[in-house]
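Written out below as structure tokens is the structure these notes cover.
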Amino acid sequence: MGALGGLIAWGLTEPFFGRALAQELPTLARFKLDAFYGLLSGFALGLVLGIGHWMLSRKRRWILPLSAALGSVGGFAGLLWGEALFQWLHSLELPARTVGWALFGFALGSSQGIARGSWAGAKRAGVGGALGGAIGGLLFALLPSATNLPDPSCRGLAWVLIGALIGGTSVLFERLL
């Protein structure tokens, strides 16, 4: 479900944010762009992860809006944190993307445990989601230089990878720890 959620997040956000993401913007405009981009993409990925958990349990319909809301918060905070780190480290993309997406992954992973009413599950899934987000963020940063793909294609591939990694590692950590 995570890879599908990543694909949906990319498909939903690319028409609105794609061109602006590739442009040089003043700092305040970049933060605003990242805030809305993170909010919308986090909403989409959180909602799809919530749908996956709801399909398995068929209980607690409220898991859907809660997952979407917590995904929105994680997307908003993760992308703003990553941009702040990027600005502070003077454009060191690898650590900024890694930490920003780790925060995004923690919020999305833990949201699934919270939505199921398990605080222990939320912590474990959050750690797994953070690891998946960090690996996905690192891959997100490396894709343009490792491939000859245009920016929109790199973002699409990165979103699928990030969704799969956050979705997979959060469930793995919640079940195994």
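The values are calculated or read from the model by the stated rules, or taken from the named source; none is laboratory data. Keep in mind the model is a prediction, meaning the values are calculated, not measured. Reconstructed Cβ throughout: ideal geometry from the backbone, glycine too, with neighbour counts over all protein chains shown.
For region 91-106, state whether one or more residues are in contact with a Phe, Trp or Tyr (Cβ under 9 Å, 6 or more places away or on another chain), closer than 23 Å to residue 17 by Cβ and basic (Lys, Arg). Among the residues of region 91-106, at least one is in contact with a Phe, Trp or Tyr (Cβ under 9 Å, 6 or more places away or on another chain), closer than 23 Å to residue 17 by Cβ and basic (Lys, Arg), which makes the answer yes. Taking residue 145, is it hydroxyl-bearing (Ser, Thr, Tyr), surrounded by fewer than 20 Cβ atoms within 10 Å (Cβ to Cβ), over 17 Å from the mean Cα position of the chain (by Cα) and more than 29 Å from residue 20 (Cα to Cα)? No.
Whether a residue is closer than 18 Å to residue 163 by Cα and either charged (D, E, K, R) or over 16 Å from the mean Cα position of the chain (by Cα) (or both) was assessed, and residue 54 passes this test. Criterion applied to 21, 92 was being within 22 Å of residue 139 (Cβ to Cβ), at pLDDT below 80 and more than 13 Å from the chain's Cα centre (by Cα), and the one residue passing it is 92.
Residue check: is residue 103 crowded, with 17+ Cβ neighbours inside 10 Å and modelled with pLDDT under 85? When the stated conditions are applied, residue 103 does not pass them.
Name the single residue, out of those in region 106-146 being in contact with a helix residue (DSSP H, G or I) (Cβ under 6 Å, 6 or more places away or on another chain) and aromatic (Phe, Trp, Tyr), that is modelled with the highest pLDDT. Per the stated criteria, the residue is 106. Of all the residues in region 28-56, those that are charged (D, E, K, R) and touching an Asp or Glu at 6+ places or on another chain (Cβ under 8 Å) number 2.
For residue 39, the conditions (1) more than 23 Å from residue 149 (Cβ to Cβ); (2) surrounded by fewer than 19 Cβ atoms within 10 Å (Cβ to Cβ) all hold with the exception of (2).
Would you point out the residue of region 87-100, among those that are in contact with a Leu (Cβ under 7 Å, 6 or more places away or on another chain) and farther than 24 Å from residue 44 by Cα, that is surrounded by the most Cβ atoms within 10 Å (Cβ to Cβ)? Across region 87-100, the extreme among qualifying residues is 95. Per the listing 120, 125, 69, the residue uniquely surrounded by 22 or more Cβ atoms within 10 Å (Cβ to Cβ), more than 12 Å from the chain's Cα centre (by Cα) and over 27 Å from residue 24 (Cβ atoms) is 125.
Among the residues of region 113-131, those that are closer than 16 Å to residue 162 by Cα and either in contact (Cβ under 8 Å) with a residue 40 or more places away in the chain or in contact with a Lys or Arg (Cβ under 8 Å, 6 or more places away or on another chain) (or both) comprise 125, 126, 127, 128, 129, 131. Residue count for region 155-177 under the criterion of being surrounded by fewer than 22 Cβ atoms within 10 Å (Cβ to Cβ) and at pLDDT below 85: the result is 3.
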